[in-house]
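Input: a single structure, listed below in structure tokens.
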Amino acid sequence: MATTTSDRSSSRKGRKDGSRGNRGSGQRSAFNWGSTGSWLGAAAAGAVIAVGANLARKLAMQGMSASAGDWDAVLAFEHEQTLMIFDKILETEDSQTTKRAMLIKKLTHALDKHAHEEEHVVYPALRAANEAHDADLLEGEHGYVKTFLFELNEMEKSSPDFLPKVRMFREMIERHAKMEEEEVFPRLKESLTQEQNDHITSLVNKEGFMMA
Ligand SMILES: [Fe+2]
Ligand SMILES: [Fe+2]
């Protein structure tokens, strides 16, 4: 044991040009500093690129919704985009399990972003306009949206039950979106001043950007 320690010690001294102050971790840390520094530099540059790419993705994603116009048009546009993802899933075969899993992820992201905008801005505005009943009903349905997503994520993607479940889910979303677009949103919009309407549009876009 003692021999091994001494061997290690002398071999370390050999590399250290006899310097007594820098031992063990000090030496490693001094040696690694240069490479860690350059690694950190590369990581920082990578992080800047990643942040830039993420920002560009967010701008592109929310930009598409925002270009639809007022908050109600933004949300209607997102309903349409979401139904298109459902249709893509419904076109898949039982053997296309990877494609199904990828599309369910895309659907989850679209629905999470959309629910966030409604639950943080539009439904509170509905409650403020004495429409709490509708807001509570719609928010309750969002809970079942998450349940459908949970079940589809858990389910074998090759299961013959997969597409019937997606079909039921799509019908529920379509009904929910129709109630928002044809009854609830127009009634809320009518009760708003132009300034309130613009404020809700800007808040929906801000929340959407955060979640994009
Ligand atoms: Fe909704
Ligand atoms: Fe909606």
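General remarks:
- Qualifying residue in region 157-171 (condition: modelled with pLDDT of 95 or more, surrounded by 14 or more Cβ atoms within 10 Å (Cβ to Cβ) and within 15 Å of ligand 1 (Cβ to nearest atom)): yes
- Hits in region 114-133 (condition: crowded, with 19+ Cβ neighbours inside 10 Å and within 15 Å of residue 177 (Cα to Cα)): 114, 115, 117, 118, 122, 123
- Residues in region 81-103 that are assigned to a loop (DSSP other than H, G, I, E, B) and surrounded by fewer than 13 Cβ atoms within 10 Å (Cβ to Cβ): 91, 93, 95.
- In region 104-212, counting only helices (runs of 4 or more DSSP H) that sit wholly within it, the ones holding 2 or more residues that are within 16 Å of ligand 2 (Cβ to nearest atom) and among the aliphatic types (A, V, I, L, M) span 123-128, 132-154, 162-179, 194-211.
- Scanning region 179-197 for residues that are within 16 Å of ligand 1 (Cβ to nearest atom), acidic (Asp, Glu) and exposed (fewer than 14 other Cβ atoms within 10 Å of the Cβ) gives 182, 183.
The values are calculated or read from the model by the stated rules, or taken from the named source; none is laboratory data. Small disclaimer: the values here were computed from a predicted structure and weren't measured. For neighbour counting, all protein chains shown are included, and Cβ atoms are generated from backbone atoms with ideal geometry for every residue, glycine included.
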